[in-house]
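What follows is a single structure, written as structure tokens, with notes after it.
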Amino acid sequence: MSITEDASRDRPITAAVIALVGTLLVLGIGVGIAVGAGGDAIDTQADEPTAIDSCTEIDTAGEYELASNLTNRSTCLEITESDVIVDGAGYGIGSYGAIERDEARYGVHVNDTENVTVRNVSVAGWGSNDTGSSDDAAGIAFENVIGGAVDDVAAFENEDGIRFDNATGNTVTNVTATENFAGVSLWDSNGNTVANVTATENTDGIALWDSSGNAVVHNTVSGNYYNVVLGNAHWNTIGDTSATGGDYGLFLQASHRNTVSNVSATDTADGIVLERSSGNTLTANTVAGSGSGIVLESSSHLNTLEENELHDNVEGISVTAASHRTTLTENTVESLDWDLTIDNSSETDVTDLELGDETVSVDGENVRLRSSGGDDVDTDAGADVDTQAPPNHGAVGPAFELEATNGSSAVNLTTSYTGAGLGDVDEETVGFWWLDDDATTWERVDESTVDVDNRTVSVSLGESELASESESEADTDTENENETAAEYNTGTVTGTIAVFGLETYDLTVSVEEDGDPVTNTTTIEVVNTDTDGVVAIQTISDGTATFDLQTGTYEVTADANGYDLVTETIAVDGDAADLTLDLERDGDLEAENESAEG
């Protein structure tokens with residue numbers, strides 16, 4: 001993507017602008033008088049505003065007020081003195097007729113002054129004609145102006161509605177700009193404020209070029225090709241602005257260290273795009289119903305995205321084309337396709353990314369990630385995937401779809417299962433499992449670990465794990481080493497990664513003698529017959545013990561004081577089980593006791 005500043009300036013205009021009188025009537029301004037070029041300069045000052053009824057130069061400080069609509073072929077009002085207020089009194093200043101393309105003309109031109117205010121006026125047709133348009137034309141232009149103001153202005157079908165050039169510390173407020181090339185544009189201008197502007201159906205709604213330290217806040221822009229655009233503009237603040245429709249909600253090109261907050265982009269082709277723009281901070285913005293949510297591309301480095309909300313866009317957040325060292329914190333994304341794309345960009349740090357109802361932290365390269373949108377797994381715990389869980393496992397955490405985009409893909413994922421119902425799952429066995437799109441069974445990811453204290457589960461997948469299966473097989477030197485990884489490798493094939501843990505079931509062991517509980521001190525030992533390993537030991541004195549066991553076959557042994565050792569085998573298979581051990585008195589011990597008593 002790139003900005004062509006003059007791409008749309010050579011365009012035909014409607015007959016309404018050529019015949020400005022008709023345009024003004026349609027807009028309810030009403031044309032009272034048509035004035036030729038070159039009226040006399042006004043050089044007197046009175047207590048009451050000086051009436052203006054013709055195009056002129058204002059070279060004396062004071063207050064002025066339009067007495068009628070004004071039209072002219074070249075610049076109408078030229079203001080060359082500081083401390084001037086021009087009140088349009090609701091009248092309009094319009095242009096008519098064709099001019100040479102390189103001829104500058106303005107409805108109001110304020111040049112090399114301080115503290116000039118232009119308010120309550122409409123401007124139309126400045127810079128538009130049948131054969132082309134001037135690149136140096138605007139409804140209202142401030143050039144080399146300090147501390148001025150433009151307020152309560154309607155600008156329509158001009159080259160630029162409001163234009164600042166090398167202007168500092170000025171304000172643009174309560175402006176309506178419609179069907180201009182640029183609604184409001186700032187060129188080489190610093191420290192200005194653009195607020196409460198409504199810009200509709202322009203090429204550029206609000207544009208900052210080579211301008212720094214400006215505040216663009218509380219604006220409504222809609223249907224513009226670039227609703228808000230910054231080119232080589234730094235240290236600006238863009239906030240509390242609503243962009244609807246058009247191609248770009250907000251576009252930054254070669255613009256650094258700007259702050260963007262509380263901007264909403266709705267139903268745009270692209271929401272917020274940064275191209276060759278670094279060190280910017282995007283906070284609490286909303287993008288909805290657009291083609292892309294937030295895009296960082298073409299070496300946009302060291303940008304920070306915090307608490308942004310993106311929903312119902314085709315794509316969520318994309319960090320691409322060598323956009324390194326991006327930090328994403330507590331963003332919420334729910335897209336129609338991929339929620340997060342990291343492509344050819346390194347050191348991307350993603351913390352607490354909300355995807356649907358799940359939260360995940362990511363760092364990786366050349367991967368795509370989204371929340372799985374399938375039906376629940378067929379287990380009591382439930383997870384967002386539509387394939388049967390691994391045997392004897394329950395789903396206790398989120399499921400994500402993951403795609404490696406090339407052979408150098410790598411990703412680390414950490415997610416919480418705090419909100420999951422563990423049910424009968426053994427928490428120590430919780431981990432990530434992989435299901436390739438072409439597979440029907442899950443495979444445990446060996447690189448998965450669980451932190452029981454913080455109830456998080458993590459996985460680290462490197463290039464060898466995320467290379468395609470054919471690539472792994474081609475590397476004969478590492479074929480055996482990567483045999484397990486190859487089972488869940490994807491290459492460019494999407495798979496699902498989900499959190500499961502082994503399910504356990506209650507085994508209740510009762511120790512009895514002739515139907516009565518044995519209350520002597522009793523040690524119960526449980527051994528897995530497949531491994532011959534002891535899995536549990538309890539010492540009881542009330543005749544009952546309960547164990548949480550995974551599916552399998554076990555030998556259960558009771559050793560009670562004064563009784564013979566008893567061992568029985570029981571199978572635990574997907575349900576709770578009960579086992580009663582009938583004990584008999586130790587005959588040798590009874591004989592010894594009787595002998596001692598005799």
Using a 1.4 angstrom probe, figure out how much accessible area the range 100-250 has per residue, in square angstrom, rounded to the nearest whole.
-> 29 Å²
Report the local net charge at Glu403: Lys and Arg +1, Asp and Glu -1, summed over other residues whose C-beta lies under 10 Å from its C-beta.
-> 0
³J(HN,Hα) across the range 545-552 via Karplus (A = 6.51, B = -1.76, C = 1.60, θ = phi - 60°), whole Hz, x for Gly/Pro?
-> 9, 10, 10, 9, 10, 6, 4, x
Gain in length, Asp357 to Ala104, computed as 0.36 nm per residue apart minus the alpha-carbon separation, to one decimal in nm?
-> 85.4 nm
Take peptides 238-245, 364-371, 290-297 and line them up by average Cβ neighbours within 10 Å, highest first, as a rough protection proxy.
-> 290-297, 364-371, 238-245
Full-extension gain in nm, Thr546 to Ala61, via 0.36 nm per residue minus C-alpha separation | 165.1 nm
Full-extension gain in nm, Glu447 to Asp582, via 0.36 nm per residue minus C-alpha separation | 44.0 nm
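The values are calculated or read from the model by the stated rules, or taken from the named source; none is laboratory data. Not measured: the values here are computed from a predicted model. All Cβ positions, glycine included, derive from the backbone under ideal geometry; neighbour counts span all protein chains shown. Quick note on the areas: whole protein, heavy atoms, side chains included, nothing else; ligands and nucleic acids left out. Shrake-Rupley method; radii C 1.70, N 1.55, O 1.52, S 1.80 Å.
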